[in-house]
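Single-structure report; data block below.
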Amino acid sequence: MKTRRAGNQNRIGLGAALLGAALLIPVGMQAADPSEAGRVTAVEGTATAQQPAAQPRALRCGDPIYAGDRLVTEKGARLGMLVGDVLTHLSESSQLALNITNDATPDARLEQGGVRLIDPRDSGALGYLAALDARAEILGNDVEAYVFAEKVGSYAMLCEWDTPLRVTRGAQQELAAPGNCVIAKKTEPLYVARAHDQRIPALAEQLCAIDPGALAALAGDPARHLSPAAVAAAGPLAGGGSAGLGDRGPASLDVLAPSPCDTPGSGCATGIPLSAAGPPPAPF
């Protein structure tokens with residue numbers, strides 16, 4: 001109960017920042033598309049989305065994301081999205097196939113690299129995040145997924161930081177408590193290991209400006225998203241014996257890398273600087 005309560009309280013700050021940043025762009029900039037699944041909330045470097053049988057399209061702040069998109073980040077790039085109520089953060093050199101359920105929750109599959117989903121909800125329909133052949137159920141979770149490449153073949157790791165995470169693969173099932181990961185290797189049963197000491201950054205300090213009408217339609221209650229401190233902090237279980245990223249980590253975790261949003265005229269918002277060390281934003 002203590003972990004869950006802290007997780008709920010931590011969702012306040014970033015939501016206020018999201019809503020504040022939304023006010024920096026004129027209302028009605030983009031109309032919602034019937035197949036729209038979300039919007040780009042942060043982008044650094046080159047990221048693309050591609051529908052089946054279509055050409056890839058470069059992603060910029062505020063761009064729509066559609067059901068059926070394959071999202072790709074090049075080396076050194078990172079992408080943040082709001083998919084329904086869920087903040088989604090794709091690391092560099094990553095590939096994510098995005099769909100939505102009939103309940104408008106994410107149904108994503110990580111094919112390469114790493115991704116983090118932050119779900120602020122306390123109730124509602126399940127969302128899903130798969131990595132290779134392992135699939136996690138998402139409701140109120142702060143979950144990361146990775147796909148690692150080894151000589152003997154790829155394997156997946158799904159880690160949880162907020163509330164227990166259920167992972168299945170066929171008839172197999174494991175439950176990861178906060179601070180733990182489920183490891184899925186082809187030649188072994190699912191098993192649980194301690195989490196690593198670094199996390200995929202939520203790019204909170206690089207929020208794009210989004211049409212407030214579009215944000216309200218997508219986010220439900222944005223004031224329930226995680227705070228900057230929570231999204232940028234390292235995991236609580238560092239050191240030996242963890243499921244650490246090691247030299248095979250698929251994602252760069254350098255949160256100090258230069259951003260295209262630093263360039264004047266880039267179209268990104270500069271209104272609310274957020275960092276793990278700074279004070280929380282004032283209530284909206």
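The values are calculated or read from the model by the stated rules, or taken from the named source; none is laboratory data. Computed from a prediction, not measured in an experiment: that's the story for all the values here. Neighbour counts are summed over all protein chains in view; Cβ atoms, including those assigned to glycine, are modelled from backbone coordinates with ideal geometry. Calculation scope for accessible area: heavy atoms of the full protein, side chains included, ligands and nucleic acids excluded. Shrake-Rupley method; radii C 1.70, N 1.55, O 1.52, S 1.80 Å.
General remarks:
- Of all residues in the range 124-179, those being in a loop (DSSP other than H, G, I, E, B) and farther than 18 Å from Val83 by Cβ number 16.
- Qualifying positions in the range 33-64 - hydroxyl-bearing (Ser, Thr, Tyr) and buried (at least 20 other Cβ atoms within 10 Å of the Cβ): Thr41
- When the range 115-135 is limited to residues that are in contact with a strand residue (DSSP E or B) (Cβ under 6 Å, 6 or more places away or on another chain) and free of Cβ contacts under 8 Å to residues at least 40 places away in the same chain, the one that is most open to solvent (accessible area, probe 1.4 Å) turns out to be Arg135.
- The set of residues from the range 104-150 being among the basic types (Lys, Arg) and out of contact with any Asp or Glu (no Cβ under 8 Å at 6 or more places or on another chain) comprises Arg109, Arg135.
- Selection of the range 66-98 for residues being in a strand (DSSP E or B), open to solvent by 10 Å² or more (accessible area, probe 1.4 Å) and in contact (Cβ under 8 Å) with a residue 60 or more places away in the chain yields only Arg78.
- One residue from Ala202, Ala145 being buried (at least 17 other Cβ atoms within 10 Å of the Cβ), in contact with a helix residue (DSSP H, G or I) (Cβ under 6 Å, 6 or more places away or on another chain) and aliphatic (A, V, I, L, M): Ala202
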